[in-house]
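Below is one structure, written out as structure tokens; comments come after it.
The values are calculated or read from the model by the stated rules, or taken from the named source; none is laboratory data. It should be emphasised that the depicted structure is a prediction, and the values quoted were computed from it without experimental measurement. Note that each Cβ is placed from the backbone with ideal geometry, even for glycine, and that neighbours are counted across all protein chains shown.
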Ligand code: 9MR
Ligand code: 9MR
């Protein structure tokens with residue numbers, strides 16, 4: 001008898017490992033982090049209405065049930081009224097490949113020590129694919145190899161930017177940099193924000209980011225790949241400064257191009273209108289870069305140039321403190337009309353605050369400290385999520401970095417003023433988690449959704465939570481950050497892992513001219529899409545619904561929910577990279 005039993009147990013195991021006994025219907029109605037879970041961190045999954053069950057089960061690779069429990073709670077969508085169940089399997093800590101089952105339905109999932117590492121690198125590598133003016137050989141770009149275009153060595157000065165020294169149609173050279181987004185133009189405001197945010201994360205974890213191997217043409221040189229990649233855009237930015245110190249708002253063709261490869265683009269390229277916002281974002285980003293790059297002898301020359309340019313830009317902005325970009329107004333006065341992205345913003349105090357802060361840290365000159373303090377007070381020391389049109393949060397983060405590392409005593413003044421507001425911000429969102437549908441501090445308010453929300457709200461909130469963790473050592477903030485990542489990577493209302501090329505269900509048709517026109521089936525990988533946006537400005541037909549968190553469509557025409565952009569990828573790379581560095 002004894003013998004018989006063990007034989008049957010043996011047969012059972014064989015049946016399971018060959019997958020016959022426990023077949024299941026794969027569903028994406030069990031929402032998980034599709035890249036995997038850290039062994040020793042909280043783990044939750046969310047089951048959608050169609051798959052609810054009285055208990056849920058997790059099987060290991062041998063088909064053995066290693067975990068079985070009812071849901072830990074129910075959650076009801078504040079928008080659609082849909083009922084969901086939250087499964088908490090945090091106590092399963094053994095790395096492995098599993099199946100999470102709800103009756104006959106199931107989904108595969110992973111527990112593994114570094115589930116986010118590949119994405120962290122991929123999000124940074126993505127910038128290489130967006131390089132403008134360069135030929136990308138297969139050696140570095142793989143399937144996405146392409147011929148260079150938009151050399152931008154003969155760019156026209158638009159009438160809106162004409163001066164005595166550079167009259168209308170003067171030809172200047174402004175090569176390189178990254179394409180901004182789905183379109184092939186280059187915008188200073190967004191560039192300053194993107195490089196600024198990447199370098200913010202860099203400063204928190206220089207060793208970690210310094211070890212990145214991105215397989216880019218500069219990979220063989222002695223300096224870190226991540227700094228080399230960012231330098232591509234910084235060098236371009238330097239060329240956007242006029243002789244008087246002011247900085248052109250953008251380098252653009254008059255109209256958006258069709259969905260063609262850059263080599264097919266025929267429109268002339270212009271530098272357009274110098275603005276206060278572009279000039280101050282330029283000053284901030286280059287001052288910050290100068291301080292970081294000067295630590296490497298190979299970058300010494302660049303660092304000096306960057307500092308000089310930043311100071312000059314600041315001086316221009318002192319004399320021109322309120323020149324907003326107003327494309328409509330500009331087109332009434334000047335020809336040709338310019339119809340591309342506006343990056344319009346009429347509030348300048350946050351840009352002054354950020355630029356003054358970076359210039360102070362880089363030069364040590366007190367006049368910048370006084371300016372920074374003035375603008376900080378004007379902002380009432382209130383932290384706000386960093387965004388291309390509100391860089392107050394970037395400035396605050398720079399103070400937090402200085403304060404954290406105790407670089408100089410007077411950093412305390414502003415640092416201490418802002419600290420409570422940063423924690424208050426984080427606590428507000430953490431308080432939403434226990435009732436949230438997807439167990440995340442992101443995605444519980446309608447305001448969380450909109451154009452670019454996955455970066456501007458989700459990732460940037462995640463980064464803020466990482467700062468709070470750094471400042472307090474309280475692991476609840478780290479957990480909150482990880483929950484933002486979970487949301488992004490599949491535990492959400494659409495079941496998408498919102499980064500091209502990652503996860504079981506990811507965007508295949510981003511609003512991205514390169515991805516659409518390159519004859520490669522898969523989109524350029526590592527790109528975060530804008531995400532759910534109930535305003536649906538693109539009016540594409542077929543959005544699944546107007547509920548804020550479901551208002552997403554994987555359609556090439558959907559620029560309001562499915563475009564990609566450098567500021568959004570900067571958020572992704574900064575957030576996931578830092579998070580990956582933080583969790584041991
Ligand atoms: O492709 C453009 C995208 O980069 C912008 O974010 C978006 C909003 O300004 O506009 C897209 O271009 C569309 C244009 O606005 C209207 N005609 C169709 C263009 C391509 O879809
Ligand atoms: O990211 C920008 C978003 O906040 C704005 O609401 C939107 C409309 O003005 O424009 C977005 O930026 C686009 C830029 O203007 C042109 N390149 C594509 C950018 C991403 O959609």
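Data overview
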quantity: Residue in the stretch 144-153 that is outside the structural domain of residue 483 (by TED's automatic domain parsing) and touching a helix residue (DSSP H, G or I) at 6+ places or on another chain (Cβ under 6 Å) present; calculated: no
quantity: Residues being farther than 15 Å from residue 423 by Cβ and either part of a helix (DSSP H, G or I) or away from ligand 2 (no atom under 13 Å from the Cβ) (or both) - total across the stretch 451-469; calculated: 9
quantity: Residue list for the stretch 18-48, restricted to those being exposed (fewer than 13 other Cβ atoms within 10 Å of the Cβ) and under 31 Å from the mean Cα position of the chain (by Cα); calculated: 26, 40
quantity: Total residues in the stretch 381-392, condition surrounded by fewer than 24 Cβ atoms within 10 Å (Cβ to Cβ) and closer than 24 Å to residue 454 by Cα; calculated: 7
quantity: Criterion (away from ligand 1 (no atom under 16 Å from the Cβ) and under 21 Å from residue 331 (Cα atoms)) met by exactly one of 246, 210, 220; calculated: 246
quantity: Unmet requirement for residue 328, which otherwise passes all of (1) within 16 Å of ligand 2 (Cβ to nearest atom); (2) assigned by TED's automatic domain parsing to the domain that holds residue 161; (3) exposed (fewer than 15 other Cβ atoms within 10 Å of the Cβ); calculated: (2)
quantity: Test: residue in the stretch 164-177 that is within 16 Å of ligand 2 (Cβ to nearest atom), in the same structural domain as residue 255 (by TED's automatic domain parsing) and either surrounded by fewer than 24 Cβ atoms within 10 Å (Cβ to Cβ) or within 18 Å of residue 125 (Cα to Cα) (or both); calculated: yes
quantity: Count of the stretch 331-363 residues which are within 16 Å of ligand 2 (Cβ to nearest atom), assigned to a helix (DSSP H, G or I) and surrounded by fewer than 19 Cβ atoms within 10 Å (Cβ to Cβ); calculated: 1
quantity: Helices (runs of 4 or more DSSP H) contained in the stretch 212-328 and holding at least 1 residues more than 30 Å from residue 518 (Cα to Cα) and free of Cβ contacts under 8 Å to residues at least 40 places away in the same chain; calculated: 300-319
quantity: Residue, farthest from residue 499 (Cα to Cα), within the stretch 562-584, restricted to residues that are in a helix (DSSP H, G or I), touching a strand residue (DSSP E or B) at 6+ places or on another chain (Cβ under 7 Å) and within 15 Å of ligand 1 (Cβ to nearest atom); calculated: 566
quantity: Selection from the stretch 425-450 of residues that are within 23 Å of the chain's Cα centre (by Cα) and either in a helix (DSSP H, G or I) or not assigned by TED's automatic domain parsing to the domain that holds residue 380 (or both); calculated: 425, 426, 427, 428, 429, 430, 433, 446, 447, 448
quantity: When residues of the stretch 537-554 are limited to those that are crowded, with 17+ Cβ neighbours inside 10 Å and in a loop (DSSP other than H, G, I, E, B), the one nearest to ligand 1 (Cβ to nearest atom); calculated: 538
quantity: Condition check for residue 507: assigned to a loop (DSSP other than H, G, I, E, B), under 20 Å from the mean Cα position of the chain (by Cα) and within 15 Å of ligand 2 (Cβ to nearest atom); calculated: yes
